[in-house]
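Data first, discussion second: the structure below is written as structure tokens.
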Number of protein chains: 2
Amino acid sequence: MKDSECAPLEKLLNQISGQWTMYILWTLDTNGVMRFGELRRKVDGISPKVLTQRLRMLEENGIIYRYYESTIPPQVSYELTERGKELSKPLYDLCELASRWYGDETKM
Amino acid sequence: MKDSECAPLEKLLNQISGQWTMYILWTLDTNGVMRFGELRRKVDGISPKVLTQRLRMLEENGIIYRYYESTIPPQVSYELTERGKELSKPLYDLCELASRWYGDETKM
DNA sequence: CGGTATCCGTGTTGATACTG
DNA sequence: CAGTATCAACACGGATACCG
């Protein structure tokens, strides 16, 4: 494998390595379809601005879907795409490895 | 898997997701033992300060070794630890996936 | 409800020059 | 050779207030 070929990986890593991103992906992976407010409560402490940023980025990169219904009040739901689900497997391996190294007691 | 258990993963991701970090790991994985100057030339465009930062962080987290010889001029070499090599496997999976998604034409 | 706008403090990065 | 020191520029996260 040549050096240049890890550029996509770097891009992917940059996307999922933001401070809350893992929690968001995890929460969606665990709970399936979720609404903005649910996510906001589950990913405790995140500000709406940052949550929106993360969701937009994940959406733009095809990792989550965004379902918009312009009812009153509006309803917006998020869900992992196939890519998002595909991502959870290698991420699980990394997680297993990270837990072994750093232990499960690690706090962020 | 519970939410809290991805904290170590987040820590690990934060460590390897810095701008140059992947290239450094890749280069070390490919070339084996390397000296500071070699790395600096190979990871083109990186400043010595940032290269040092990355190497220190990777060293502190047990991903690379640092060999120091106080000859004149001094010789410092770096190499992946067992952890570092262990890391390359799941990372390879992610890389394969990232290349498939984003293509190999991606530039950083 | 599901955001956006704004401001601000902080962390990260880069360029450059210098040192043991 | 292998860094460290210094400073400036910028991106980022956090809090809050407001909007359709």
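The values are calculated or read from the model by the stated rules, or taken from the named source; none is laboratory data. As the structure is a prediction and not an experimental result, all values here were calculated from the model. Cβ: placed from backbone, ideal geometry, glycine included. Neighbour counts: every protein chain shown. In case anyone asks, the SASA skips ligands and DNA or RNA and just uses the protein heavy atoms, side chains included. Shrake-Rupley method; radii C 1.70, N 1.55, O 1.52, S 1.80 Å.
Would you pick out the residues in segment A:54-104 that are of a type outside the set (A, V, I, L, M) and closer than 20 Å to B:ILE63 by Cα?
A:PRO90, A:TYR92, A:ASP93, A:CYS95, A:GLU96, A:SER99, A:ARG100, A:TRP101, A:TYR102, A:GLY103, A:ASP104
Checking A:ARG41 against (1) more than 11 Å from chain B (Cβ to nearest Cβ); (2) in contact (Cβ under 8 Å) with a residue 40 or more places away in the chain: exactly one of these is not met. Which one?
Failing condition for A:ARG41: (2).
Looking at B:LEU91, B:LEU13, B:LEU28, B:LEU80, which one is closer than 28 Å to A:LEU87 by Cα, facing chain A (nearest Cβ under 8 Å) and either more than 15 Å from DNA strand C (Cβ to nearest atom) or in contact (Cβ under 8 Å) with a residue 12 or more places away in the chain (or both)?
Criteria check complete, one pass: B:LEU91.
Can we say B:ARG54 is closer than 18 Å to B:MET22 by Cβ, open to solvent by 30 Å² or more (accessible area, probe 1.4 Å) and more than 10 Å from every other protein chain (Cβ to nearest Cβ)? Working first, answer last.
Numbers: closer than 18 Å to B:MET22 by Cβ: yes; open to solvent by 30 Å² or more (accessible area, probe 1.4 Å): yes; more than 10 Å from every other protein chain (Cβ to nearest Cβ): yes.
Here the answer is yes, as B:ARG54 does meet what is asked.
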